[in-house]
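This report refers to the structure that appears directly beneath it.
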Amino acid sequence: MAYGRFVQEYQKGAVNGASPIQLVIMLYDGALKFMEAGKHAMLAKDLEKQNQNLQRAQKIVLELMSCLDMQHGADIAKNLLALYSYTLQQLVESNVKDDPEGIDRSIRVFSELRESWVEIGKTVKANAEEQSRAA
């Protein structure tokens, strides 16, 4: 039990010390983890775990949707909203129809978005380092 508490404290510290970009990447990681687990459960015909994991993935997608700044985000926010809406629809339909293809499509979308955020994080970090050297 002590090990479980240690892991929870470590995770809490990682979240508290994360930049906004890192937090978004963590959300993508969580969604992808639950999508994979949901697909695995679907293939194993474990409907309870399938539903549980796919609903967790859906909740993360909804959280990402709720964080979009539609007033200041312009086209980027609109495009992300469209991708999140598509992913959410695919996850719900896959869960209802027991069809893993929608999960696969969702995984592809979120994997590509995650990689984009990783690249953005690298760029932001490089720019910050450059500015600190210049100062």
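All of the numbers you see were taken from the coordinates with simple rules; none came from a lab. These numbers come from a predicted model, not from an experiment. Every residue, glycine among them, receives a Cβ derived from its backbone with ideal geometry; neighbour counts consider all protein chains shown.
Can you tell me how many residues in the stretch 74-93 are farther than 19 Å from residue 28 by Cα and surrounded by 11 or more Cβ atoms within 10 Å (Cβ to Cβ)? Going through the stretch 74-93 one residue at a time, the tally reaches 1. Total residues in the stretch 82-104 satisfying the condition of being assigned to a helix (DSSP H, G or I) and over 28 Å from residue 18 (Cβ atoms): the figure is 11. Number of residues in the stretch 16-40 that are acidic (Asp, Glu) and farther than 14 Å from residue 63 by Cβ equals 1.
A single entry from 50, 55 fulfils the requirement of being part of a helix (DSSP H, G or I) and within 14 Å of the chain's Cα centre (by Cα): 55.
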